[in-house]
Amino acid sequence: MYQIIKQILKTGIKTETPPGPDETMRVEAQRLQAEILKVFGHAVVIRHVDAGSCNGCELEINALNNPYYNLEGLGIKFSASPRHADLLLVTGPVSRHMEIALKRTWDATPDPKLVVAVGDCGRDGGIFGVSYASCGGIGRVIPVDVAVPGCPPSPLAIMQGILTAVAAGTEKGTGPEVS
C-alpha cells in the first residue's frame, strides 16, 4: 500500500490542463436558444423512436445527454410522449411490426414537427434493405427532414443532424408538409 502511495506522489499529476471557456461558443448557444424560443416558444423536445435498430445508434444517442455533449444545455430535451415532442429522432430500418406504431407517433406529434433519421438503416434501410420483415428507411413510412449517415453515427454527427433540422425548422417556421 505504501509503495503505491509513494509511486503516486513521485509521479505527480499527469493529466492535461482543462481548456478555458470559449466565449464564441457561449454566444452561439445563446443565439441558438433564442431561435428555438422564437419558433417553438419553448425548448425543443425530442421523441426518440426505435423502429427496429440493432441499438448501436441508441448508445450514441444516450451519449448526447452526458456532460461532454450536453445537448440539454442547448435547450434540447427528450420526452417519453410524442404529444409533447417537436422532433422525432428515429433509428433503424422500419420493421413491419413498427410501421403502424411509427405512423401513429408521427400523427400524435403536434405541428410544427421535424423528423431526423439516424444511421444508415434509418436513411435507406442499411444492410437490411426492404424485405418481408423490413419496410426499409424511415422515408418510406413518414417524411424525413434530415438523414444522419453512419453505422452508427457519432454523437457529434447526431447532434449536427438535430441542429440542422432545428435550423431548417426555424427557417421554415413550420414542420414539413404531409401529403
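The values are calculated or read from the model by the stated rules, or taken from the named source; none is laboratory data. These numbers come from a predicted model, not from an experiment. FYI the Cβ positions are ideal-geometry reconstructions off the backbone, even for glycines, and counts take in every protein chain you see.
In segment 89-107 there is no residue that is over 15 Å from Val141 (Cα atoms), touching a residue at least 24 places away in the same chain (Cβ under 8 Å) and hydrophobic (A, V, I, L, M, F, W, C). Taking segment 36-55 as the range and being buried (at least 16 other Cβ atoms within 10 Å of the Cβ) and either closer than 20 Å to Cys121 by Cα or modelled with pLDDT under 70 (or both) as the test, the residues that pass are Ile36, Val39, Phe40, Ile46, Arg47, His48, Val49, Asp50, Ala51, Gly52, Ser53, Cys54. In segment 116-133, the residues that are touching a residue at least 12 places away in the same chain (Cβ under 8 Å) and within 16 Å of Pro155 (Cα to Cα) form Cβ pairs under 6 Å with partners that are in a helix (DSSP H, G or I) and small (Gly, Ala, Ser), at six or more places apart or across chains, as follows: Val116/Gly161; Val116/Ala165. Number of residues in segment 66-99 that are among the basic types (Lys, Arg) and surrounded by 15 or more Cβ atoms within 10 Å (Cβ to Cβ): the value is 1.
State all residues of segment 135-148 that are more than 20 Å from Asn65 (Cα to Cα) and not basic (Lys, Arg); if no residue qualifies, say none.
The answer is Cys135, Gly136, Gly137, Ile138, Gly139, Val141, Ile142, Pro143, Val144, Asp145, Val146, Ala147.
Checked against the criteria, Lys113 counts as basic (Lys, Arg) and in contact with an Asp or Glu (Cβ under 8 Å, 6 or more places away or on another chain). If you check Ala63 against the conditions, is it surrounded by fewer than 17 Cβ atoms within 10 Å (Cβ to Cβ), modelled with pLDDT of 65 or more, touching a helix residue (DSSP H, G or I) at 6+ places or on another chain (Cβ under 6 Å) and not acidic (Asp, Glu)? Spelling it out, Ala63 is indeed surrounded by fewer than 17 Cβ atoms within 10 Å (Cβ to Cβ), modelled with pLDDT of 65 or more, touching a helix residue (DSSP H, G or I) at 6+ places or on another chain (Cβ under 6 Å) and not acidic (Asp, Glu).
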